[in-house]
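As structure tokens, the structure follows; a few thoughts come after it.
The values are calculated or read from the model by the stated rules, or taken from the named source; none is laboratory data. Because the structure is a prediction, the values reported are computed rather than measured. Neighbour counts run over all protein chains shown; Cβ positions are idealised from the backbone, glycine included.
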Amino acid sequence: MTRSRDLANYVSTGVTAAELDQLDTTSGTPGSGNFLRGDKTWAAAGGGKLLQVGFDTYSTEPDKSNSVFEAIDSTNFQVTMTGVASSSSKFFITVTLSGIDAADWIYMDIYREITGGATTVNISGNAPGITMLIHSYLNDSPCSYSWLDSPSGLSAGSVIKYAPAARTDAGGSRDYNINDSGAISSITVFEISS
């Protein structure tokens, strides 16, 4: 159909020309860097740009029994972000631990190390971590969790490392492992401008 034919069809259903004009009114300038807001105003898109992405997988099946948070394997299961863009960068971290098997509760968090700065073994600061699983429901269970980190002490060019962290609840007398039965775990880190 042509535009004039469509207009005639709308008018025949009782839609007035004034109502059609209201539908077609926008302000601002459309363009590839703009988006149309809900109030029909074109605005520049900004903020929250993805700066870099780091990803790692891990297939080792470590046998752990620590009752305080520590990195599961800060050498072989970690993401290092080099050349951080700015001191105000944010980092979105997502972790998937697969094949979890534990004799007690397992608490999970994220380990962070800033080169020349602070090391934090659980960035949530929460005693039970970001998430937890109870042993009675664990039999090669998977668990995914995420965290948005706004670390202090960064400067442009900093190097920051993230690794999955975990602990048990039994004073180190019970063990846990991940990647049971050949499973693979992963960590992904996104640096985002603020």
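The table for this structure:
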quantity: Test: residue in the range 109-132 that is of a type in the set (Asp, Glu) and within 23 Å of Ile192 (Cβ to Cβ); calculated: yes
quantity: Only listed residue being crowded, with 17+ Cβ neighbours inside 10 Å, touching a strand residue (DSSP E or B) at 6+ places or on another chain (Cβ under 9 Å), in a strand (DSSP E or B) and not β-branched (Val, Ile, Thr), chosen from Ala85, Ala163; calculated: Ala163
quantity: Residue within the range 154-168 that is out of contact with any Cys (no Cβ under 6 Å at 6 or more places or on another chain) and modelled with pLDDT under 85 present; calculated: no
quantity: Subset of the range 76-96 (residues that are modelled with pLDDT of 90 or more and not aromatic (Phe, Trp, Tyr)); calculated: Asn76, Gln78, Val79, Thr80, Met81, Thr82, Ser89, Lys90, Ile93, Thr94, Val95, Thr96
quantity: Residues of the range 97-119 that turn out to be among the hydroxyl-bearing types (Ser, Thr, Tyr) and either modelled with pLDDT of 95 or more or part of a loop (DSSP other than H, G, I, E, B) (or both), as a count; calculated: 2
quantity: Selected residue (only one of Ser124, Ser155, Ser146 is within 21 Å of the chain's Cα centre (by Cα) and either part of a loop (DSSP other than H, G, I, E, B) or acidic (Asp, Glu) (or both)); calculated: Ser124
quantity: Contacts under 7 angstrom Cβ, first residue in the range 132-151 being at pLDDT 95 or above, partner assigned to a loop (DSSP other than H, G, I, E, B) and of a type outside the set (A, V, I, L, M), 6 or more apart; calculated: Trp147/Ser124
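Per-residue answers, yes or no, for (1) among the polar types (S, T, N, Q); (2) in contact with a Gly (Cβ under 7 Å, 6 or more places away or on another chain); (3) within 20 Å of Ile184 (Cα to Cα):
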position	(1), (2), (3)
Ser67	yes, yes, no
Thr75	yes, no, yes
Ile106	no, no, yes
Tyr111	no, no, yes
Asn122	yes, yes, no
